[in-house]
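Engineer: Encoded as structure tokens, here's the structure I'll be asking about.
The values are calculated or read from the model by the stated rules, or taken from the named source; none is laboratory data. A quick note: this is a predicted structure, and the numbers were derived from the prediction, not measured. All Cβ positions, glycine included, derive from the backbone under ideal geometry; neighbour counts span all protein chains shown. Side chains are part of the model used for accessible areas, which takes the heavy atoms of the whole protein and leaves out ligands, DNA and RNA. Shrake-Rupley method; radii C 1.70, N 1.55, O 1.52, S 1.80 Å.
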Amino acid sequence: MLNEDSIKLPLVHKGKVRNVYDLGQSFLIVASDRISAFDYVIPTLITNKGKVLHKLSMFWFDFVNGVVPNHIITGNFESFPTALKQYEYLRDRSMIVKKAKRIDIECIVRGYLAGSGWKEYQKSQTVCGIKLPAGLKESSKLPEPIFTPSSKEEGGKHDENISFEETVKRVGKDTAEKLQKLSIDLYKKVSEYSLSKGIILADTKLEFGFYDNQIILIDEIFTPDSSRFWEVEKYQEGKSQDSLDKQYVRDYLEKIKWDKSSPAPELPKEVVDKTMEKYIGAYEKLTGKKF
């Protein structure tokens, strides 16, 4: 059977989408075809979605390597140890990485007003407590990208937006300032490049860890699971955007009025197919490669 159940390795962590296995001196991170929305894992798999996440992450890790070191040892199945080659499922969806100590802060950078940020702005003219200019509309570009961290919760608890001051309390001033600067630098570099490919990077989520007393970039980066991608040619300020990411799944769940507390419903085939089409569209536009 070619699926994650066939992998006989010590499982360290099963996330919403990724599984982390212990290889002794390193970790193996595997991107599954699961998809999550509103902090719930949807029971329907999106076939090959993990491969898009993996390939796009590898592309970005290479692209931003000069900004901050990362945890990648190899993402190439051909150079995996022989013992792992029995698991064909791992091909194009897994990476061997350094054993970093994760910093329990989700580093979110927003360059545009969308999602929960837009909801909050309408009430208080703030996003995560950061005061913004009056008169912004839904999907407006912000004057400058803003750093809006959230807590990293385990065991199915919802991640909570936290202030920069709270981040300082949790990880210390020096680390908090480094996370803020690195996150915004990475966002700016990638959003500038994305724009040249006809894609607006509206916001993104990054994770970091410590390795050899140095902050490094970990997890996945700038994928349709962790970012909002809008097509430049379709962008219109003042409304929600047709995006190349998992917003499509969130919109479907809102439309069927799922209560976001009972077990998540299965997705119909057309939603699965359309989601995959969007993920592949983002990958191909951004990398210039066929999936």
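Engineer: Looking at this structure, is GLU270 open to solvent by 40 Å² or more (accessible area, probe 1.4 Å) and in a helix (DSSP H, G or I)?
Structural biologist: yes
Engineer: Quick one: count up the residues across segment 2-24 that are out of contact with any strand residue (DSSP E or B) (no Cβ under 9 Å at 6 or more places or on another chain) and modelled with pLDDT of 95 or more.
Structural biologist: Residues flagged as out of contact with any strand residue (DSSP E or B) (no Cβ under 9 Å at 6 or more places or on another chain) and modelled with pLDDT of 95 or more within segment 2-24 amount to 1.
Engineer: If you go through segment 35-71, how many residues are over 30 Å from GLU266 (Cβ atoms) and touching a residue at least 60 places away in the same chain (Cβ under 8 Å)?
Structural biologist: 10
Engineer: OK, next. If we keep just the residues of segment 127-163 that are within 19 Å of TYR187 (Cα to Cα) and among the charged types (D, E, K, R), which is least open to solvent (accessible area, probe 1.4 Å)?
Structural biologist: Across segment 127-163, the extreme among qualifying residues is GLU144.
Engineer: Taking the condition free of Cβ contacts under 8 Å to residues at least 40 places away in the same chain and either of a type outside the set (Val, Ile, Thr) or part of a helix (DSSP H, G or I) (or both), does GLU220 pass?
Structural biologist: No, not satisfied.
Engineer: A follow-up question, please. Can you confirm whether segment 241-250 contains a residue that is out of contact with any His (no Cβ under 8 Å at 6 or more places or on another chain) and of a type in the set (Gly, Ala, Ser)?
Structural biologist: yes
Engineer: Also, quick follow-up: Considering each of LYS290, LYS278 in turn, give the residue that is surrounded by 20 or more Cβ atoms within 10 Å (Cβ to Cβ) and either free of Cβ contacts under 8 Å to residues at least 60 places away in the same chain or not hydrophobic (A, V, I, L, M, F, W, C) (or both). Full working, then the answer.
Structural biologist: Details: LYS290 fails: surrounded by 20 or more Cβ atoms within 10 Å (Cβ to Cβ).
Matching residue, one of LYS290, LYS278: LYS278.
Engineer: For segment 1-17, enumerate the residues that are farther than 15 Å from LEU84 by Cβ and open to solvent by less than 30 Å² (accessible area, probe 1.4 Å).
Structural biologist: Correct list: GLY15, VAL17.
Engineer: Looking only at segment 232-262, which residues are aliphatic (A, V, I, L, M) and part of a loop (DSSP other than H, G, I, E, B)?
Structural biologist: LEU244, ILE256
Engineer: Restricting the search to segment 24-34, which residues are part of a loop (DSSP other than H, G, I, E, B) and in contact (Cβ under 8 Å) with a residue 12 or more places away in the chain?
Structural biologist: Taking segment 24-34 as the starting set, the residues that turn out to be part of a loop (DSSP other than H, G, I, E, B) are 24-26, 32-34.
Passing the criteria: GLN25, SER26, SER32, ASP33, ARG34.
Engineer: Just give me the residues in segment 114-137 being in a loop (DSSP other than H, G, I, E, B) and free of Cβ contacts under 8 Å to residues at least 40 places away in the same chain, in sequence order.
Structural biologist: Of everything in segment 114-137, those that are in a loop (DSSP other than H, G, I, E, B) and free of Cβ contacts under 8 Å to residues at least 40 places away in the same chain turn out to be GLN125, CYS128, GLY129, LEU132, PRO133, ALA134, GLY135, LEU136.
The rows are residues; the columns are (1) open to solvent by 50 Å² or more (accessible area, probe 1.4 Å); (2) basic (Lys, Arg).
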residue: CYS107; (1), (2): no, no
residue: LEU113; (1), (2): no, no
residue: GLN125; (1), (2): yes, no
residue: GLU165; (1), (2): yes, no
residue: LYS169; (1), (2): yes, yes
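Engineer: Within segment 85-105, identify whether any single residue is under 25 Å from LEU201 (Cα atoms), of a type outside the set (Lys, Arg) and assigned to a helix (DSSP H, G or I), and answer yes or no.
Structural biologist: No - not one qualifying residue is present in segment 85-105.
This table checks each residue for (1) in a strand (DSSP E or B); (2) under 17 Å from the mean Cα position of the chain (by Cα).
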| site | (1), (2) |
| --- | --- |
| SER139 | no, no |
| VAL168 | no, no |
| LEU179 | no, yes |
| SER183 | no, yes |
| THR204 | yes, yes |
| PHE210 | yes, no |
| ASP225 | no, yes |
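Engineer: Scanning segment 1-23 for residues that are part of a loop (DSSP other than H, G, I, E, B) and touching a helix residue (DSSP H, G or I) at 6+ places or on another chain (Cβ under 9 Å), which turns out nearest to ILE256 (Cα to Cα)?
Structural biologist: VAL17
Engineer: What's the number of the only condition in (1) touching a residue at least 40 places away in the same chain (Cβ under 8 Å); (2) touching a helix residue (DSSP H, G or I) at 6+ places or on another chain (Cβ under 8 Å); (3) of a type outside the set (Val, Ile, Thr) that LEU195 fails to meet?
Structural biologist: Failed condition: (1).
Engineer: Six or more apart or on different chains, Cβ atoms under 9 Å: show the pairs whose first residue is in segment 81-100 and over 19 Å from LYS8 (Cβ atoms) and whose second is aromatic (Phe, Trp, Tyr) and surrounded by fewer than 16 Cβ atoms within 10 Å (Cβ to Cβ).
Structural biologist: Within 9 Å, the pairs are ALA100/PHE210.
Engineer: Still on this structure, I have one more. Kindly provide the set of residues from segment 228-263 that are loosely packed, with under 14 Cβ neighbours inside 10 Å, among the aliphatic types (A, V, I, L, M) and within 16 Å of LEU195 (Cβ to Cβ), ordered by number.
Structural biologist: Residue satisfying the conditions is VAL232 alone.
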